[in-house]
Amino acid sequence: MQQAQYKSNYELKYLARVQTGQHMGILAGSILLKLLITFMSIYLISALIPAHTTTGYILNYITTFLAQVAVSLLTVGSSLIYLKTACNMPAAIADLFCGFQQNTAKILKIGAVIAIINSICMIPLDIASVQYSDIINSIPLFQLSRGEFALDNHELIETYNVFYSASMKFYLIMLICTVVSTVLTLPFFPAFFMVIDFPDLSASAILKKCFEVMTGNKFRLFMLYLSFVPSFLLSIFTCGITLIWVLPYMSMAETNFYLDLMSVRNKTVGSV
């Protein structure tokens, strides 16, 4: 019996483009609402708990971590909307909040595991962020003297070199931390989809199942993510406007990846 084959990333992305074009409103709307709620939560935490002191920084860090875990409830809702769309089922913005209505504790446990991994991976970036901020604040870019800028050409060049060196180091650390975090969380990719598809499984059982289905597929998923890098780079030149399309498109491709993953797995298990 011929073994079932996975769809190529090209096929998954083509299907995602068609689906995104047909259901752009609900897909983009759910992502924008999720991002808005997330950013507002982080903003409120920063406003209410300033990180100017050591105690404030620790409290801010812990509260931000808890907010990241809570956002997993919205991630499940977003996953439901995309699953419904991929399966030609009617979806609504209200589906975004389904995680608050059922399996809440399970979702939070899974979200905590993923958030812990992300937080550990981002520790070097947190340290680099503080150092970068100190360097930027110490650069005498504008030393005012009698209403005029006091920096001569030599000082401007030296200031630019310091700024450029610090910025390159910071963004390099950011890139490395992001890649490491992405790679380490690849095995957990199906988790929030599985909460929907397997509501009777416990959090630990879902995480175990994630490792099983992602065996041999992590590189395929990483290459799928990598294929969207040009689209994100393009968004830089459009002031982020194209992200309105890119984010739903990428999420739709992820959903199709999951459905294809489970479809091939079911066919393989059924043929044994």
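The values are calculated or read from the model by the stated rules, or taken from the named source; none is laboratory data. Everything numeric in this text was worked out from a predicted model, so none of it was measured. For neighbour counting, all protein chains shown are included, and Cβ atoms are generated from backbone atoms with ideal geometry for every residue, glycine included. Side chains included, ligands, DNA and RNA excluded: accessible areas come from the protein's heavy atoms. Shrake-Rupley method; radii C 1.70, N 1.55, O 1.52, S 1.80 Å.
Which residues, counting only those in region 47-78, are touching a Gly at 6+ places or on another chain (Cβ under 9 Å) and either of a type in the set (Val, Ile, Thr) or within 30 Å of His23 (Cα to Cα) (or both)? Ile49, Gln68, Val69, Ala70, Val71, Ser72, Leu73, Leu74, Thr75, Val76, Gly77, listed by residue number.
Can you confirm whether Gln68 is open to solvent by 40 Å² or more (accessible area, probe 1.4 Å), more than 15 Å from Pro248 (Cα to Cα) and in contact with a helix residue (DSSP H, G or I) (Cβ under 6 Å, 6 or more places away or on another chain)?
Answer is yes for this residue.
Yes/no matrix, rows are residues, columns are (1) small (Gly, Ala, Ser); (2) modelled with pLDDT under 95; (3) assigned to a helix (DSSP H, G or I); (4) touching a Cys at 6+ places or on another chain (Cβ under 8 Å):
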residue	(1), (2), (3), (4)
Lys7	no, yes, no, no
Tyr10	no, yes, yes, no
Leu35	no, yes, yes, no
Tyr43	no, yes, yes, no
Ser46	yes, yes, yes, no
Ala51	yes, yes, no, no
Asn60	no, yes, yes, no
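Here the condition is being within 30 Å of Glu11 (Cβ to Cβ), polar (S, T, N, Q) and at pLDDT 80 or above; of Asn88, Asn103, it holds for Asn88 alone. Assessment of region 32-43 against the conditions (under 17 Å from Ile244 (Cβ atoms), open to solvent by 40 Å² or more (accessible area, probe 1.4 Å) and among the charged types (D, E, K, R)) yields at least one matching residue. Just wondering, is there one or more residues in region 93-101 that are among the charged types (D, E, K, R) and in a helix (DSSP H, G or I)? Among the residues of region 93-101, at least one is among the charged types (D, E, K, R) and in a helix (DSSP H, G or I), which makes the answer yes. Here is the figure for region 229-244: residues that are open to solvent by 90 Å² or more (accessible area, probe 1.4 Å) and either part of a helix (DSSP H, G or I) or in contact with a helix residue (DSSP H, G or I) (Cβ under 6 Å, 6 or more places away or on another chain) (or both) total 4.
Only one residue in Phe188, Phe198 is in contact with a helix residue (DSSP H, G or I) (Cβ under 8 Å, 6 or more places away or on another chain), crowded, with 17+ Cβ neighbours inside 10 Å and at pLDDT 90 or above. Which one?
Answer to the check: Phe188.
Restricting the first residue to region 183-204 and requiring it to be in contact (Cβ under 8 Å) with a residue 40 or more places away in the chain, which pairs with a second residue that is open to solvent by 60 Å² or more (accessible area, probe 1.4 Å) meet a Cβ separation below 7 Å and a spacing of at least six or different chains? Matching pairs, first to second residue: Ala203/Lys109.
Whether any residue in region 19-30 is more than 15 Å from Ile244 (Cβ to Cβ) and open to solvent by 40 Å² or more (accessible area, probe 1.4 Å) is what I want to check.
Among the residues of region 19-30, at least one is more than 15 Å from Ile244 (Cβ to Cβ) and open to solvent by 40 Å² or more (accessible area, probe 1.4 Å), which makes the answer yes.
Considering Val162, Val264, the condition of being touching a residue at least 24 places away in the same chain (Cβ under 8 Å) and either open to solvent by 60 Å² or more (accessible area, probe 1.4 Å) or in contact with a His (Cβ under 8 Å, 6 or more places away or on another chain) (or both) is satisfied by Val162 alone. For region 77-106, residues that are at negative phi, touching a residue at least 12 places away in the same chain (Cβ under 8 Å) and buried (at least 18 other Cβ atoms within 10 Å of the Cβ) total 15. If you go through region 203-212 one residue at a time, do you hit one that is within 25 Å of Gly29 (Cβ to Cβ) and either crowded, with 17+ Cβ neighbours inside 10 Å or not aliphatic (A, V, I, L, M) (or both)? So far as region 203-212 goes, no, none of its residues is within 25 Å of Gly29 (Cβ to Cβ) and either crowded, with 17+ Cβ neighbours inside 10 Å or not aliphatic (A, V, I, L, M) (or both).
Just to be sure before I move on: is Tyr258 open to solvent by 10 Å² or more (accessible area, probe 1.4 Å) and in contact with a Phe, Trp or Tyr (Cβ under 9 Å, 6 or more places away or on another chain) in the structure I sent? No; evaluated as a whole, the condition is false for this residue.
The residues on offer are Met223, Met252, and the sole one that is among the hydrophobic types (A, V, I, L, M, F, W, C), part of a helix (DSSP H, G or I) and over 19 Å from Val179 (Cα atoms) is Met252.
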